[in-house]
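What follows is a single structure, written as structure tokens, with notes after it.
The values are calculated or read from the model by the stated rules, or taken from the named source; none is laboratory data. Note that the structure is a prediction, hence the values are computed from the model and not measured. A quick note on method: Cβ atoms are made from the backbone with ideal geometry, for glycine too, and the neighbour counts reach across all protein chains shown.
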Amino acid sequence: MNTTNPEGNYGEAGRPARKGVHASRRSWLVMQFREILRDGPGTIGLIILLVFFFIAAFGDSLTPYGPNDLQYLEDGSLARGEPPSARYWFGTTTAGRDVFSQTLSGARVAVVVGFLSAIVTVFIGSNVALWAGYSGGKLDEFLMGLVDITYGIPFLPFAIVLVSLLGTSIWNVILIISLLFWRSTARVIRAQVLSLKQRPFIWSARAAGAKPAYIIYRHILPNVLPLILLYTALAVSTGVLTEAGLSFLGFGDPRFPSWGTMLNDAFRAGAARRAWWWIVPPGACIALFVTASYMVGRAFEASTDPRLREYGG
Amino acid sequence: MNDSNSIVFAVKDLQKWYPLQQGFIDALLKREKQQFVRAVDGVSFSIRAGEIIGIVGESGSGKTTVGMTALRLYEPTGGTITFMGEDITTHSGDRLQNFRRQAQIIFQNPYESLNPRSTVFESVVEPLRLNKIGTKDEHLERVLQALERAEISPPENFLDRYPHELSGGQRQRLAIARAIVIEPKFLVADEPVSMLDVSIRAGILNLLKQLSQTLETAILYVSHDLSTVRYICDRTMTMYAGKLIELGDTNTVIDEPFHPYTQLLIKAIPEVDPDVKRERVLLEGEVPNLVNPPTGCRFHPRCPFVMDRCRVEEPSLQEVKPKHWAACHLY
């Protein structure tokens with residue numbers, strides 16, 4: 001947002017240097033975060049997400065064992081289905097792998113899929129919304145027709161067909177999520193754009209000779225940004241949940257074990273009733289991650305609510 | 001109306017019709033003819049450099065639509081718009097941009113006409129940047145000058161503020177600074193003081209008056225408030241149901257109005273002095289439906305002097321007295 005810094009450009013004009021009387025644009029994001037930190041659940045959610053980020057970034061050096069390494073007991077036999085112990089905190093799988101290490105490395109897939117798919121869906125969704133809402137007419141009809149079509153596509157059959165065509169990889173999972181889930185962002189933000197574009201300051205920009213792209217990105221986008229942040233947070237949880245679901249059904253990336261893949265392994269090994277320590281960690285992590293991003297999203301929502309907002313509008 | 005060659009801006013037979021939404025089946029079968037809301041239906045006037053011309057009329061008479069259409073913010077349905085002797089009705093691209101560079105608008109609500117996320121500097125410099133006027137070094141000078149002209153002082157202290165940190169009057173001055181930073185030849189002021197406290201109205205009006213004199217700007221002042229119109233307008237037009245019904249020097253229009261509608265409008269102004277006995281007149285009825293306007297004179301259903309002729313024949317704008325036109329069969 002900080003495309004031009006007047007102080008930098010005009011400092012030499014011989015005028016007294018302008019002191020920023022009020023918060024600059026840069027601090028707008030800071031204010032958004034302060035808004036989240038004022039919200040109790042939002043703060044907790046943010047901390048949980050940061051912990052997952054940390055695990056995702058440094059997971060390799062945190063895990064005691066390789067997630068796919070076979071573990072052997074002292075007597076040389078494979079550690080099959082060992083319950084939690086001091087050596088294997090979350091126990092081992094029936095194939096002799098360490099559940100704790102797998103759980104930690106699953107965070108990386110969750111973070112990558114969650115945030116990449118959220119960024120892509122929200123990027124597509126908000127651009128579609130901005131152009132459809134602002135331009136109106138045929139473009140709006142076309143783009144909203146596309147939204148209706150994506151709403152009509154049932155997710156699972158679509159995902160299964162695409163995975164079998166493209167192969168199982170987390171990039172394809174991100175692609176599938178991105179292809180469908182921009183629809184809700186597009187609809188909601190378009191509605192906001194429709195009301196914003198009738199505001200006098202938009203007419204005023206038009207009277208000054210502003211072109212559509214300029215009005216959209218300089219005047220409308222900054223005013224829908226809180227909503228975009230809210231939808232990004234919600235899209236993160238959708239992304240993680242969808243990836244887990246697909247992996248549980250066996251469409252996950254075999255190279256990167258995710259929480260969904262772990263559940264799928266446990267289910268196929270028939271461990272659901274015998275080895276609770278194999279089921280609970282990935283399940284709890286999915287629930288925790290999704291809840292955390294919802295809590296951050298709720299805090300964003302509170303900050304976009306005009307009754308709670310302390311500035312703007 | 002066209003006695004001077006210093007005419008900056010003129011419209012002729014300006015029309016703005018909005019198509020009425022039809023049912024799908026009706027449209028398919030062409031069961032009904034497409035209907036229109038005739039918001040502006042054949043309005044002609046011209047403005048000279050440095051002149052302020054007012055449009056008055058009640059809500060729904062089409063006065064704001066005239067302002068928006070004059071600036072090509074709404075596309076006219078018919079008629080011509082002339083700016084500096086050039087027909088700009090169908091201009092687009094660079095030629096339209098050239099018009100935008102010299103025409104500006106001030107809106108009614110200063111709380112809505114500024115982007116809440118732009119600083120004062122960004123709001124005021126925008127017309128310069130968009131129209132590629134001046135270098136970056138000149139921008140700051142011109143912004144400060146515009147703020148000074150709009151009597152925001154000291155301007156340096158306001159550059160980094162956001163609209164929500166300003167009062168209503170300051171915001172409207174800021175909107176004016178933004179409009180005059182490009183030194184426009186033509187300015188539409190759409191009820192610029194109606195949302196402001198009475199105490200600061202005079203300041204804003206004096207400012208507009210001064211600008212029209214120093215910058216030779218032609219101003220189209222849209223208002224329903226006859227007292228402010230009298231205060232700053234050289235000439236005044238009355239609009240009713242999308243039609244121009246009276247046009248003349250402000251003083252004569254207000255003191256000796258010809259059209260019965262203007263007469264009633266002026267009688268509706270509250271009297272300050274409680275001792276002055278005044279005939280109370282109520283304007284009955286409402287603005288007519290603009291989809292099917294009344295035949296003949298559009299005012300005839302509410303007119304106290306209605307004649308048979310008024311119901312059939314539409315009166316045209318006639319010069320009743322020198323430089324004073326009215327559209328009424330009485331004259």
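A few comments on the model shown:
- Within the set B:I53, B:I47, the sole residue that is under 14 Å from B:E191 (Cα atoms), part of a strand (DSSP E or B) and not aromatic (F, W, Y) turns out to be B:I53.
Every residue, every condition in (1) surrounded by fewer than 22 Cβ atoms within 10 Å (Cβ to Cβ); (2) in contact with a helix residue (DSSP H, G or I) (Cβ under 6 Å, 6 or more places away or on another chain); (3) assigned to a helix (DSSP H, G or I), yes or no:
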| site | (1), (2), (3) |
| --- | --- |
| A:T103 | no, yes, yes |
| A:G106 | no, yes, yes |
| A:V120 | yes, yes, yes |
| A:I149 | yes, no, yes |
| A:A159 | no, yes, yes |
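- Evaluation of B:E183 against (1) without any contact (Cβ under 8 Å) to a residue 12 or more places away in the chain; (2) among the acidic types (D, E); (3) closer than 29 Å to B:S6 by Cβ (one fails), failing number: (1)
- Residue among B:I105, B:I81 that is closer than 20 Å to B:R48 by Cβ, in a strand (DSSP E or B) and within 10 Å of chain A (Cβ to nearest Cβ): B:I105
- The stretch B:84-102 - residue that is at the interface with chain A (Cβ under 10 Å from one of its Cβ atoms) and not in a loop (DSSP other than H, G, I, E, B) and, of those, nearest to B:E191 (Cα to Cα): B:R100
- Residue in the stretch A:240-251 that is crowded, with 20+ Cβ neighbours inside 10 Å and assigned to a loop (DSSP other than H, G, I, E, B) present: yes
- Checking each residue of the stretch B:7-20 against the condition of being within 14 Å of chain A (Cβ to nearest Cβ) and either out of contact with any strand residue (DSSP E or B) (no Cβ under 6 Å at 6 or more places or on another chain) or surrounded by fewer than 17 Cβ atoms within 10 Å (Cβ to Cβ) (or both) gives at least one match.
- Of note, B:E112 does not satisfy the criterion of being within 11 Å of chain A (Cβ to nearest Cβ), of a type outside the set (S, T, N, Q) and part of a helix (DSSP H, G or I).
- Set B:E122, B:E148: member being away from every other protein chain (no Cβ under 11 Å), surrounded by fewer than 24 Cβ atoms within 10 Å (Cβ to Cβ) and not in a loop (DSSP other than H, G, I, E, B): B:E148
- For the criterion of being more than 14 Å from chain B (Cβ to nearest Cβ) and not in a helix (DSSP H, G or I), A:T168 passes.
- In the stretch A:22-43, the qualifying residues are those that are hydrophobic (A, V, I, L, M, F, W, C) and in contact with a Ser or Thr (Cβ under 9 Å, 6 or more places away or on another chain), and the one that is modelled with the lowest pLDDT is A:M31.
- Every pair of residues 6+ apart whose Cβ atoms lie under 8 Å, when the first sits in the stretch B:73-91 and is surrounded by 17 or more Cβ atoms within 10 Å (Cβ to Cβ) while the second is of a type in the set (D, E): B:G79/B:D13; B:I81/B:D87
- Checked against (1) crowded, with 20+ Cβ neighbours inside 10 Å; (2) in a helix (DSSP H, G or I), A:I279 meets all criteria but (1).
Residue by residue, here is whether (1) closer than 21 Å to B:V11 by Cα; (2) surrounded by fewer than 24 Cβ atoms within 10 Å (Cβ to Cβ); (3) in contact with a helix residue (DSSP H, G or I) (Cβ under 8 Å, 6 or more places away or on another chain) holds:
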site	(1), (2), (3)
B:S199	no, yes, no
B:Y221	yes, no, yes
B:S227	no, yes, no
B:C233	yes, no, yes
B:G248	yes, no, no
B:E256	no, yes, no
B:H259	no, no, no
B:L264	no, yes, no
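- Among the residues listed as B:R100, B:R95, B:R38, the single one being among the basic types (K, R) and touching a strand residue (DSSP E or B) at 6+ places or on another chain (Cβ under 8 Å): B:R38
- Scan of the stretch A:50-74 for residues that are in contact with a Gly (Cβ under 8 Å, 6 or more places away or on another chain) and of a type in the set (A, V, I, L, M), ordered by number: A:L70
- Enumeration of residues in the stretch B:130-149 that are touching a helix residue (DSSP H, G or I) at 6+ places or on another chain (Cβ under 7 Å) and either hydroxyl-bearing (S, T, Y) or in contact (Cβ under 8 Å) with a residue 60 or more places away in the chain (or both): B:R149
- In the stretch B:65-78, of all residues being assigned to a loop (DSSP other than H, G, I, E, B) and more than 18 Å from B:I219 (Cβ to Cβ), the one that is nearest to the other protein chains (Cβ to nearest Cβ) corresponds to B:Y74.
- Listing of helices (runs of 4 or more DSSP H) fully contained in the stretch B:232-331 that carry 3 or more residues being in contact with a Ser or Thr (Cβ under 9 Å, 6 or more places away or on another chain): B:250-255, B:260-267
- Taking first residues from the stretch A:211-231 that are over 10 Å from A:S126 (Cβ atoms) and within 9 Å of another protein chain (Cβ to nearest Cβ) and partners that are among the hydrophobic types (A, V, I, L, M, F, W, C) and surrounded by fewer than 17 Cβ atoms within 10 Å (Cβ to Cβ), the Cβ contacts under 8 Å between residues at least 6 apart in sequence or on separate chains come to A:P222/A:M1.
- Residue match in the stretch B:152-169 (condition: more than 10 Å from chain A (Cβ to nearest Cβ), free of Cβ contacts under 8 Å to residues at least 24 places away in the same chain and either assigned to a helix (DSSP H, G or I) or within 20 Å of B:E51 (Cα to Cα) (or both)): yes
- Sole exception among (1) surrounded by fewer than 20 Cβ atoms within 10 Å (Cβ to Cβ); (2) among the polar types (S, T, N, Q); (3) in contact with a strand residue (DSSP E or B) (Cβ under 9 Å, 6 or more places away or on another chain) for A:N127, by number: (3)
- When the residues of the stretch B:134-169 are filtered to those that are farther than 23 Å from B:V193 by Cβ and among the basic types (K, R), the one that is modelled with the lowest pLDDT is B:K136.
- Within the stretch A:67-83, the set of residues being touching a residue at least 60 places away in the same chain (Cβ under 8 Å) and surrounded by 15 or more Cβ atoms within 10 Å (Cβ to Cβ) comprises A:P67, A:G81.
- Among the residues of this structure, B:F107 does not count as one that is surrounded by 21 or more Cβ atoms within 10 Å (Cβ to Cβ) and over 18 Å from the mean Cα position of the chain (by Cα).
- Close contacts from the stretch A:120-144, counting a first residue that is touching a residue at least 24 places away in the same chain (Cβ under 8 Å) and a second that is of a type in the set (D, E), with Cβ to Cβ under 6 Å and a gap of 6+ residues or different chains, come to A:A132/A:D140.
- Boolean, A:W171 is surrounded by fewer than 20 Cβ atoms within 10 Å (Cβ to Cβ) and either on the phi < 0 side of the Ramachandran plot or aromatic (F, W, Y) (or both): yes
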